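Asks: Got a structure here, written out as structure tokens. Questions coming.
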Amino acid sequence: MGEERLRIGELAAAAGVSTRTVDFYTSRGLLSPAGRSGGNFRLYDQSCVGRIAAIRQMEAQGIRLDEIAHALTSAVSGEHAKCVDLAVGPCPADPLALEQYLSSLDAQVHTLRETAGGVDDAHRGAVGVLVARAQVLIATALALSTELLPAVHLIS
């Protein structure tokens, strides 16, 4: 037997958001109903609870909803050519670009380590705040990649 499907109110309650949020995410292409009930209610897969958690975490880190939608749907649609970030590099959502971005991140962390020792006391706090922000973003990426996103089915 298949997994139990949730009506919009049940999904909202399970994810800790309002039904308006579920409607909004659905309208932006972040969520997709799995079907309709006999009473014509939208039904969502259980995996949408985790997907909403992932979306909320990315939003909390300042990632725009259009970027989140692109990242979560382009793997299926292959629409990397329409990526808004192509001017600064390959589409971040393109799985082939991931290794390039990770290599660049490694190089930047190495350079930051080398230069951080030479930062004067007046600017050390500012550098520390920026490094702490980067660390939070990396921790969020790790959490999402290992805990939430693998269990989430991409919209097809």
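Asks: To make sure I understand, if each residue's beta carbon is the centre and we count other beta carbons within 10 Å, what order do Tyr44, Tyr101 fall in, fewest to most? Could you put the intermediate results ahead of the total?
Replies: Details: Tyr44 25, Tyr101 13.
Going from least to most buried by this count: Tyr101, Tyr44.
Asks: Could you give each residue of the range 106-117 its phi-based ³J(HN,Hα) in whole Hz, using Karplus coefficients 6.51, -1.76, 1.60 with θ = phi - 60°, and x for Gly or Pro?
Replies: Couplings: 4, 5, 5, 5, 4, 5, 4, 4, 5, 8, 4, x Hz.
Asks: When Glu10, Glu3, Glu59 are ordered from fewest to most other Cβ atoms inside 10 Å of their Cβ, what list results?
Replies: Glu3, Glu59, Glu10
Asks: Rg to Rh ratio, the range 6-151, alpha-carbon atoms and Kirkwood radius?
Replies: My calculation of the ratio gives 1.07.
Asks: Per residue of the range 35-41, what does 6.51 cos²θ - 1.76 cosθ + 1.60 with θ = phi - 60° give for ³J(HN,Hα)? Whole Hz please, x for Gly and Pro, Karplus curve as stated.
Replies: With the stated coefficients, the range 35-41 comes to x, 10, 7, x, x, 6, 7 Hz.
Asks: Under a 5 Å amide H to amide H cut-off, with H placed in plane at 1.01 Å, what residues pair with Leu43 once short-range neighbours are removed?
Replies: Here Ala34, Gly35, Arg36, Ser37 satisfy the definition.
Asks: Right, here's the next one. Could you work out how far apart the two model spin labels at Ala60 and Phe41 are, taking each label as a point 7 Å from the Cα in the direction of the beta carbon, and quote it in nm?
Replies: 2.9
Asks: Using R₀ = 35 Å, calculate the FRET efficiency as 1/(1 + (r/R₀)^6) where r is the Cβ-Cβ separation of Ala139 and Glu4; round to 0.05.
Replies: Details: r = 32 Å, r/R0 = 0.92.
E between Ala139 and Glu4, to the nearest 0.05, is 0.60.
Asks: May I pose another question? Could you rank the peptides 31-38, 130-137 by their average count of other C-beta atoms within 10 Å per residue, with the highest value first?
Replies: Values: 31-38: 14.2, 130-137: 12.1.
Highest-to-lowest ranking by the protection proxy: 31-38, 130-137.
No lab work stands behind these numbers, since they all come straight from the coordinates. In this text, all values refer to a predicted model and were calculated from it rather than measured experimentally. Note: ideal-geometry Cβ built from the backbone for every residue, glycine included; neighbour counts use all protein chains shown.
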